[in-house]
Amino acid sequence: MIANKNSLEFAREKDQKDPLKAYRDRFFMPQVNGEDAIYFTGNSLGLQPKSVKDYLQEELDAWKEYGVEGHFEAKKPWFAYHEFLTEKIAKIVGAKTEEVVVTHSLTTNLHLLMVSFYRPTGNRYKILCEKKAFPSDQYALESQARYHGYDPTDAIVEVGPREGEHLIRHEDILAKIAELGDSLCMVMIGGVNYYSGQLFDMAEITKAGHAVGATVGFDLAHATGNVKLHLNEWGVDFAAWCSYKYLNSSPGGVSGLFVHEKHVTNKELPRFAGWWGHDKESRFLMEPGFNPIPTAESWQLSNAPVLGMAAHLASLDIFDEVGMDQLIEKRIELTNYLEEIINDISERKGHLCQFEIITPANPENRGAQLSILAHGKGKSMFDSLTQKGVIADWREPNVIRIAPVPLYNSFEDIYRFGQCLEQAIEE
Ligand SMILES: *Cc1c(COP(=O)(O)O)cnc(C)c1O
């Protein structure tokens, strides 16, 4: 790297030119030692937009003023509250409005979607997923296999990195799909792997899965609000994501799900039903006989948790203002800068610590996160970083996950992080 790139002047100049620089001030930055933290865990819990309070207050006031009548009298009537989010989230995931709904929590939605899209019969019962999938996804898949009477160790096939490698080769995923052929019932992969930060080619995986007659779904917890998604165009059957990571919509915040338009009007598709998935016109007639709404809304079970959704709406309004294209442009620059700083330190201080970035080097194959192996250093180095005000994520035995988020992180954050890292390895 150019020597002067690892300098405060360079970082500040980049921030000056950043068209999104004003957005940092729209979020609350956690404080450490009386200063702004260097917050790189937006991939775990996004920061609080300052506007959230007003969105919540509006609903608290409506509740206070109207009680149950708020379902119809509130400025944003609660009976249809989720509808205020649909168009905005549809844009973020590249879907039509009838293909998405904001509802429930992520793991719940994965189960509800698998009720519809994991339909094993005869020889076709295998599930393909990535090795080291997020634990909740592993448990969900195992329990789905068991629920249908299969032994998970037989039903679930994992594709992992080759011996001595950290990433999963795309051709290995495609080869495994082809090899499983008509025994493959469903592909369910994390769009961006939470551990390595690897972004998978969802368009090609979908095509390959369909070519052998399987359904294809993605867990987009680490992808939504982070990378460009075209779920409709790619022909993905189903997907779900949470809103509290890159989408900054409050701890444990409400999730979203996608069902492709080719499925949403199919009333025969099995699904677990609740009153909020029932035809809106006749819902309050309270009559027997489930009549699914011909949109993704029919996967909703319950009426909307309005307070959580209000926080989500506050954040989606910011995304709507900025747009994914601008965010992605900045994200690529930030991540590249972080990569350069880490490599620079590794070059100059390699005798103390070698950093190996396991996340793909090509911006096409990653999002905001870099996962860094710290060779020769352990948890004490990470603890020292924490003391210096860096909020990042440590995974045993020695992986640091860092996610500079384009909405609120700056180039100066990255420069300061580099300084802390250099001090920490020298201690
Ligand atoms: C964060 C995350 C989850 C968390 O699931 P919840 O149901 O929201 O607790 C699940 N899967 C993946 C891949 C995640 O990254």
- Message: Which of the numbered conditions does LEU301 fail, given that it passes all the others? Conditions: (1) at pLDDT 95 or above; (2) farther than 30 Å from ALA80 by Cβ; (3) surrounded by 15 or more Cβ atoms within 10 Å (Cβ to Cβ).
- Response: (2)
- Pair list, Cβ < 7 Å and 6+ apart or interchain, from region 247-270 residues that are within 12 Å of SER315 (Cβ to Cβ) to residues that are within 14 Å of the ligand (Cβ to nearest atom) and in a helix (DSSP H, G or I): SER249/HIS312; SER250/GLY308; GLY253/GLY308; GLY253/HIS312; VAL254/GLY308; VAL254/HIS312
- (1) under 21 Å from the mean Cα position of the chain (by Cα); (2) at pLDDT below 95 all hold for PHE27 apart from (2)
- Note on the structure: Restricting attention to region 212-238, the residues that are of a type outside the set (Asp, Glu), touching a residue at least 60 places away in the same chain (Cβ under 8 Å) and touching a Leu at 6+ places or on another chain (Cβ under 8 Å) number exactly 11
- Residues of region 307-347 being at pLDDT below 95 and of a type in the set (Gly, Ala, Ser), in sequence order, are SER346
- Of the residues GLY367, GLY389, GLY418, GLY378, which single one is at pLDDT below 95 and of a type in the set (Gly, Ala, Ser)? GLY378
- Task: Say whether the condition of being surrounded by 14 or more Cβ atoms within 10 Å (Cβ to Cβ), under 26 Å from ALA90 (Cα atoms) and of a type in the set (A, V, I, L, M, F, W, C) is met by at least one residue in region 329-340.
- Result: yes
- Enumeration of residues in region 87-130 that are surrounded by fewer than 24 Cβ atoms within 10 Å (Cβ to Cβ), away from the ligand (no atom under 16 Å from the Cβ) and within 17 Å of the chain's Cα centre (by Cα): LYS88, ALA90, LYS91, GLY94
- Item | From the options VAL187, VAL212, residue that is farther than 20 Å from VAL102 by Cα, surrounded by fewer than 23 Cβ atoms within 10 Å (Cβ to Cβ) and touching a Gly at 6+ places or on another chain (Cβ under 8 Å) | VAL212
- Note on the structure: All conditions in (1) among the hydrophobic types (A, V, I, L, M, F, W, C); (2) more than 16 Å from the ligand (Cβ to nearest atom); (3) under 26 Å from SER183 (Cβ atoms); (4) surrounded by 15 or more Cβ atoms within 10 Å (Cβ to Cβ) are true of ALA296 except (3)
- Item | Subset of region 137-159 [within 16 Å of the ligand (Cβ to nearest atom) and surrounded by fewer than 16 Cβ atoms within 10 Å (Cβ to Cβ)] | TYR139, SER143, GLU158
- Counting only residues that are charged (D, E, K, R), more than 18 Å from ILE328 (Cα to Cα), touching a residue at least 40 places away in the same chain (Cβ under 8 Å) and part of a loop (DSSP other than H, G, I, E, B), how many does region 2-51 have? 0
- Query: Is there a residue being among the hydrophobic types (A, V, I, L, M, F, W, C), touching a Ser or Thr at 6+ places or on another chain (Cβ under 9 Å) and free of Cβ contacts under 8 Å to residues at least 12 places away in the same chain anywhere in region 80-103?
  - Reply: yes
- Task: Go through GLY164, GLY225, GLY253 for me and flag whichever is more than 14 Å from the ligand (Cβ to nearest atom) and either in a loop (DSSP other than H, G, I, E, B) or under 29 Å from ARG331 (Cα atoms) (or both).
- Result: GLY164
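The values are calculated or read from the model by the stated rules, or taken from the named source; none is laboratory data. Since this is a predicted model, take the numbers as computed values, not measurements. Note that each Cβ is placed from the backbone with ideal geometry, even for glycine, and that neighbours are counted across all protein chains shown.
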